[in-house]
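Engineer: What follows is a structure written as structure tokens; I'll ask about it next.
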Amino acid sequence: MLVILLKVEHGQPGRALLEALREAGVCATTEMAAMVGSARTGEGGIEESPLALICEIAEDANIAEVHATITEAAAAWPEASIVACRRFEADEPQPELYRLDTHALLRLGFHAVADSPAQLPALLRDLEEVGNSLPESATHSEVLDSTLTPASMLLPDNLSVARLRAAFEAVASLHFVSDQKSAAQTALAGLAPLVHADRWTIYLAEIERGQQEARFEPLAVRGLTESERALPEGDWRRALHSDSLMLLTGTESRAARNAFATNETHRETEGERRVLAVPLINGERVVGILEAVREGAAARGFAQTEAALLSALALPLSAALANSVRIAEAEKLSQTDDLTKLHNARYLRQFLIAEVKRARRYGSTVNVLFFDLDDFKEINDRYGHLVGSHVLMEMATVILTGVRDTDVVARYGGDEFVVILPETNLDMAARVAERMREKIAEHVFNGGRSLRLRMTASFGVAAFPEHSQSPQQLIADADAAMYEAKAAHKNCVRFASQRESR
């Protein structure tokens, strides 16, 4: 009996898995690449194909990487069964709830699931007994009493060339989106030509802490049903007609809720509506629902082939939505100061360049406040850097209470901070700087140790276009004005000098 152990992101197979296979007399190899497209020569010179391809699933397994691995394996060994085996460290207790439950793994493309390496030998023996005697129409589910999904997650066989091309184009387009809303809108644009529906919606779904029912939030919508387009004049929702997302808030179908609850695709009739709801699964949970609606007495229900097509495309869509969130989080982290959680200098420069361009185009103004804490080094020298760091975190809170939502606050470096005030004249900027100076002087900082520390700050103010014509010079002029405030005995506000026009 030959099996191939597939490698995913966690690397080498676990010791428990190898020991279970060895004790059962199973020949296992991890050299899949060398065996692709060829058979292994067994005892007596007889060529031997693998009975099964075994993929260990760790609790933190990446669903996209697992899917890519088993898709490649299925293409290399189309006749072999693909088996998932949960991976646990020997000294760790098995969790009560698996991150990827059995239904999710089967939907992902596995033929069978072993909850531990100890279950593998019996499962492989069952596969060996039925593997050569199954009729073509039979599936392993009839023998192993398990619900199966095609191992390679292929699209339905009866797709026309045009629809097949459209399906692959829909999936390919998801690789070029970087935010969640764009991913959802791109997906709906790609799905609409594949399956007719009056309205498509992607909902984000989650169960909030302490709540019993899931909350559905429409993320993207394409099209509206006839009843939604023809709301009566007196209906309050008519005012929201221009915003389809708000119009659909709280109107998710029964099928959508059932799909969320069962992790399975649902086709249902709700009044004059025919609804198809497909769960979007990432890891251990349903993160959203893809909903298609047809409306009217003559509307036909969704066919099984249409449900199968959308279920197959739900996996890359789910991965795209999850990846877009990770990209957004990574982008946010790259623009955020680790200590204070304010914006960092990188974000500051990008924002200021955009604001100066906008101000130049519309003839508005932008003001920059550059300030530095007075004698901050004494805090570090006397109380240590941990206290100093806590003071900076407290300072961020003080600053944020003195600005508008449209203003941007950044930690420029060390104990230097910058505030950008879009569409603000110099007099208003001066008032903001003075108010902020007073707030800092009046605040009592505890340094995280119940201390009572007093701080002051010196401010420099520069305005576009009055003082500077470029974003870089605007920062430099505000910085220079701040040093003038330092020279004027600190704890005060100074303004940049006007430059002669060139």
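Engineer: Could you list, in sequence order, the residues of the stretch 304-324 that are in contact with a strand residue (DSSP E or B) (Cβ under 9 Å, 6 or more places away or on another chain), surrounded by 13 or more Cβ atoms within 10 Å (Cβ to Cβ) and not charged (D, E, K, R)?
Structural biologist: Scanning the stretch 304-324 gives Ala307, Leu310, Ser311, Leu313, Ala314, Leu315, Leu317, Ser318, Ala319, Leu321, Ala322.
Engineer: State all residues of the stretch 492-502 that are touching a strand residue (DSSP E or B) at 6+ places or on another chain (Cβ under 8 Å) and either open to solvent by 50 Å² or more (accessible area, probe 1.4 Å) or farther than 30 Å from Gly388 by Cα (or both); if no residue qualifies, say none.
Structural biologist: Selection gives Arg494, Phe495.
Engineer: Tally the residues that are buried (at least 22 other Cβ atoms within 10 Å of the Cβ) and either free of Cβ contacts under 8 Å to residues at least 12 places away in the same chain or not in a helix (DSSP H, G or I) (or both), restricting the search to the stretch 468-482.
Structural biologist: The number of residues fulfilling the criteria is 1.
Engineer: Same structure, new question: Would you confirm whether any residue within the stretch 295-318 is farther than 30 Å from Arg349 by Cβ and assigned to a strand (DSSP E or B)?
Structural biologist: Yes, some residue in the stretch 295-318 is farther than 30 Å from Arg349 by Cβ and assigned to a strand (DSSP E or B).
Engineer: Please list, ordered by first then second residue, the pairs with beta carbon atoms under 8 Å, 6 or more apart or interchain, first in the stretch 292-308 and touching a residue at least 12 places away in the same chain (Cβ under 8 Å) and on the phi > 0 side of the Ramachandran plot, second open to solvent by 40 Å² or more (accessible area, probe 1.4 Å) and part of a helix (DSSP H, G or I).
Structural biologist: Gly296/Glu226
Engineer: Kindly provide the set of residues from the stretch 430-464 that are crowded, with 23+ Cβ neighbours inside 10 Å and of a type in the set (Gly, Ala, Ser), ordered by number.
Structural biologist: Passing the criteria: Ala433, Ala457, Ser458, Gly460, Ala462, Ala463.
Engineer: On the given criteria, is Gly402 among the small types (Gly, Ala, Ser), over 19 Å from Asp479 (Cα atoms) and open to solvent by less than 80 Å² (accessible area, probe 1.4 Å)? Give the derivation first.
Structural biologist: Working: among the small types (Gly, Ala, Ser): yes; over 19 Å from Asp479 (Cα atoms): yes; open to solvent by less than 80 Å² (accessible area, probe 1.4 Å): yes.
When the stated conditions are applied, Gly402 passes them.
Engineer: Select from the stretch 325-361 the residues that are under 16 Å from Tyr412 (Cα atoms), open to solvent by 70 Å² or more (accessible area, probe 1.4 Å) and either of a type in the set (S, T, N, Q) or in contact (Cβ under 8 Å) with a residue 60 or more places away in the chain (or both) and list them in ascending order.
Structural biologist: Arg349, Gln350
Engineer: Okay, next question. Please report, ordered by residue number, the helices (runs of 4 or more DSSP H) entirely within the stretch 191-291 with at least 1 residues that are at pLDDT 85 or above, surrounded by fewer than 16 Cβ atoms within 10 Å (Cβ to Cβ) and among the hydrophobic types (A, V, I, L, M, F, W, C). Don't jump to the end; show me each part of the working.
Structural biologist: On the way: elements: 226-229, 244-248, 254-262.
Hits in the stretch 191-291: 254-262.
Engineer: Looking for whichever is open to solvent by 30 Å² or more (accessible area, probe 1.4 Å), among the β-branched types (Val, Ile, Thr) and modelled with pLDDT under 95 here; the options are Thr424, Thr397. Which one fits?
Structural biologist: Working: Thr424 fails: open to solvent by 30 Å² or more (accessible area, probe 1.4 Å).
Result: Thr397 is the single residue among Thr424, Thr397 that is open to solvent by 30 Å² or more (accessible area, probe 1.4 Å), among the β-branched types (Val, Ile, Thr) and modelled with pLDDT under 95.
Engineer: May I pose another question? Could you check the stretch 162-190 and list, in sequence order, the residues that are open to solvent by less than 40 Å² (accessible area, probe 1.4 Å) and outside any helix (DSSP H, G or I)?
Structural biologist: Passing the criteria: only Val177.
Engineer: Can you pull out the helices (runs of 4 or more DSSP H) entirely within the stretch 344-429 that have at least 3 residues that are touching a strand residue (DSSP E or B) at 6+ places or on another chain (Cβ under 9 Å) and under 19 Å from Ala496 (Cβ atoms)?
Structural biologist: On the way: elements: 345-362, 376-383, 385-400.
In the stretch 344-429, the matching helices (runs of 4 or more DSSP H) lie at 345-362.
The values are calculated or read from the model by the stated rules, or taken from the named source; none is laboratory data. All of these numbers come straight from a predicted model, not from anything done at the bench. Positions of Cβ are generated from backbone atoms using ideal geometry, with glycine treated the same way; all protein chains shown enter the neighbour counts. Accessible surface is based on the protein model in full, side chains and every heavy atom, while ligands, DNA and RNA are left aside. Shrake-Rupley method; radii C 1.70, N 1.55, O 1.52, S 1.80 Å.
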